[in-house]
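Take a look at the structure below.
The values are calculated or read from the model by the stated rules, or taken from the named source; none is laboratory data. Being a predicted model, the structure only gives us computed values, none of them experimental. Using ideal geometry, Cβ is built from the backbone for each residue, glycine included, and neighbour counts are taken over all protein chains shown.
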Amino acid sequence: MFQPSNLAAFLPGLLSISLSMSLSMSLSTSVFADESNNTTSAYADPKSLSYSSYTLKQSAWTPSQYVGDLKDVVEFAGATAHVVEFRSPQNKALSVDVGAALRSNDDGDTEIESLLGAIEAGGIFFRIETSSSPGYINPEDGQSRFDKRYVIGERGFDASYTQINIGKSFDHMPSARWGVGYIEATQPAEIDLYTTGSTSYPDVLIDPEYQHQLLGIWIDFDNLQAAMHDDDGFALSMNRRGALRYGWGLTMDILFGLQASKSNQDLEKIVKDNYGLDLKYEDPMGIGWSLTYRLEYILAYRRPDSNVGLSFGIEGRAFQGLHSDDIFGSDDSVDNANEALGRLGIGDNSIFQYGPFVRLAWEI
Amino acid sequence: MKPFIALSALSLTVLLGGCDNYPDVVDSNSPGPTPDSETNDTFFNADSLDANTVSGTLSNDNVSDYYKTSSSLFNERFNGQMTITLTGTGGNADIELFDSNLNLISWSRTEDSSEEEIIYWYSGAADSHRDVDGQHYILVSTPNGDTSDYTLTFTFN
């Protein structure tokens, strides 16, 4: 489980190291020279600049952003998130990228929601992002208890999201990267319970911390940086007026591959102890995809030795999967009154998050 | 054109065949599994609480006893306060109250051997639609494996 307090202990150290590297590099201005034409660009090589950004957004984990079959019983505290990111110049053998998101809820409490870290060496890029948020499972509005639902264990839970990417930039589109990605997401899920119905049994079991794992091909586009560098972007339409750039863009992070989901609960024992039934259940596998998008309006201002960018819009994440039973059907059956069958519902392995954001970035 | 139609028909057949995602469930009128009357260490094997008072013993080998309330103790039209009390001698023991869906709704978990008490507002109207009217479960347990002779008392006020 994500432990913000443990990882947060390393953050000040990482930030201080990166800041020192950035300051030492920003004291001198490097100029990119085209040896073939023997001409000099009016702008500094973006890779020689350090990059910093601050983003204000609606927190990734809020009740209104949790979409699925459990929306009526799952609760998170409403919150806003403050995200800071720093990257050292990329024209060195080793470049470091660190960031953190601080989540402030309605009660005024602040906690670290996510940590982002990346290292690029020898052209290979490594990035890890984590986020988490506590939540609670309550009966539906106006109800004093759950109706035909059994919550396994505690009603309080910790939802978490971790993404790891390894890859490299495209040669002709530096703001785009591709490689291999891995996502691990933990959140409540409903397991449909099939029984003969001769006795009153619940219809679903709720596992507050059900786990999904996705491994596959990853591709990523950052249009704000592309706009700040006059680079090609993805779905990016920029206009120029002197040093000012402005226009719309669709920044995206896509991962597609194999998905495996599982419950960390002993479901067979739980159903046996609670209802005396022999449970048939298998952790599902199939295909999955993750799409993180940012539909944004971008303003960028280029100077010879620095760049400033501002973007605002809507960002969100869709994490979905199709398990083999959903695609090919199932031969499972409940053959007598002593048996039960558990299956993850098709809508219970999804994560949908969206909300407004504002991002300010600068390179010096 | 004909091969294309055949391929499309085959693809559609495969797709439709994969759309039957629901398991086959036998329509059975049999009553289901039978609880083990020799033990009350799980929800399923819980002893029926047919009287207002019951006694038992917890130990390191028997850390939990489960009880379920029978409908004779409940009036589905009753709305009022019910009190569950655990008294006894020996070590630490706790009580927890569960609804008919086996979800925890209240508890008393003092850390010493003091008396435990749950006061719960029971609404018969909320349970009147259920197949087993008024079904609640009470768990008596010892978190430390202490030996304790207890008396569980259940009353409506």
If we scan region A:116-137, do we find a residue that is surrounded by 14 or more Cβ atoms within 10 Å (Cβ to Cβ), within 14 Å of chain B (Cβ to nearest Cβ) and not hydroxyl-bearing (S, T, Y)? yes
Checking the structure you have, find out if any residue of region A:322-331 is within 26 Å of the chain's Cα centre (by Cα), assigned to a strand (DSSP E or B) and more than 10 Å from chain B (Cβ to nearest Cβ). yes
Checked pairs for region B:36-47, first within 8 Å of chain A (Cβ to nearest Cβ) and over 9 Å from B:D65 (Cβ atoms), second crowded, with 18+ Cβ neighbours inside 10 Å and of a type in the set (S, T, Y), C-beta under 9 Å and 6 or more apart or across chains, list as B:T42/B:Y66; B:F43/A:Y275; B:F43/B:Y66; B:F43/B:Y137; B:F44/A:Y275; B:F44/B:Y66; B:N45/B:Y66
Whichever residue in region B:15-38 is β-branched (V, I, T) and out of contact with any Phe, Trp or Tyr (no Cβ under 9 Å at 6 or more places or on another chain) and, among such residues, is modelled with the highest pLDDT: B:T34
Suppose the filter is in contact with a Gly (Cβ under 6 Å, 6 or more places away or on another chain) and over 25 Å from B:Y137 (Cβ atoms); does A:I124 pass it? no
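Every residue, every condition in (1) crowded, with 16+ Cβ neighbours inside 10 Å; (2) under 21 Å from the mean Cα position of the chain (by Cα); (3) free of Cβ contacts under 8 Å to residues at least 12 places away in the same chain, yes or no:
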position	(1), (2), (3)
A:N274	yes, no, no
A:L291	no, yes, no
A:P304	no, no, no
A:S311	yes, yes, no
A:E315	yes, yes, no
A:A337	yes, no, no
Mind telling me which of the residues A:L214, A:L267 ends up being touching a residue at least 40 places away in the same chain (Cβ under 8 Å) and more than 24 Å from A:T162 (Cα to Cα)? A:L267
Residues of region B:102-117 being without any contact (Cβ under 8 Å) to a residue 40 or more places away in the chain and under 25 Å from A:Y275 (Cα atoms), which ones? B:N103, B:L104, B:I105, B:S106, B:W107, B:S108
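Residues checked against (1) of a type in the set (S, T, Y); (2) within 14 Å of chain B (Cβ to nearest Cβ); (3) farther than 20 Å from A:W362 by Cα:
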residue: A:D230; (1), (2), (3): no, no, no
residue: A:L258; (1), (2), (3): no, no, yes
residue: A:N264; (1), (2), (3): no, no, yes
residue: A:L279; (1), (2), (3): no, yes, yes
residue: A:D283; (1), (2), (3): no, no, yes
residue: A:I287; (1), (2), (3): no, yes, yes
Of the residues in region A:264-299, those that are farther than 19 Å from A:K57 by Cβ, in contact with an Asp or Glu (Cβ under 9 Å, 6 or more places away or on another chain) and among the small types (G, A, S) number 2
What is the residue count in region A:140-166 for residues that are closer than 24 Å to A:A226 by Cβ and either buried (at least 21 other Cβ atoms within 10 Å of the Cβ) or within 14 Å of chain B (Cβ to nearest Cβ) (or both)? 2
Given the conditions (1) modelled with pLDDT under 80; (2) within 11 Å of another protein chain (Cβ to nearest Cβ), report the number of the one that B:W121 does not fulfil. (1)
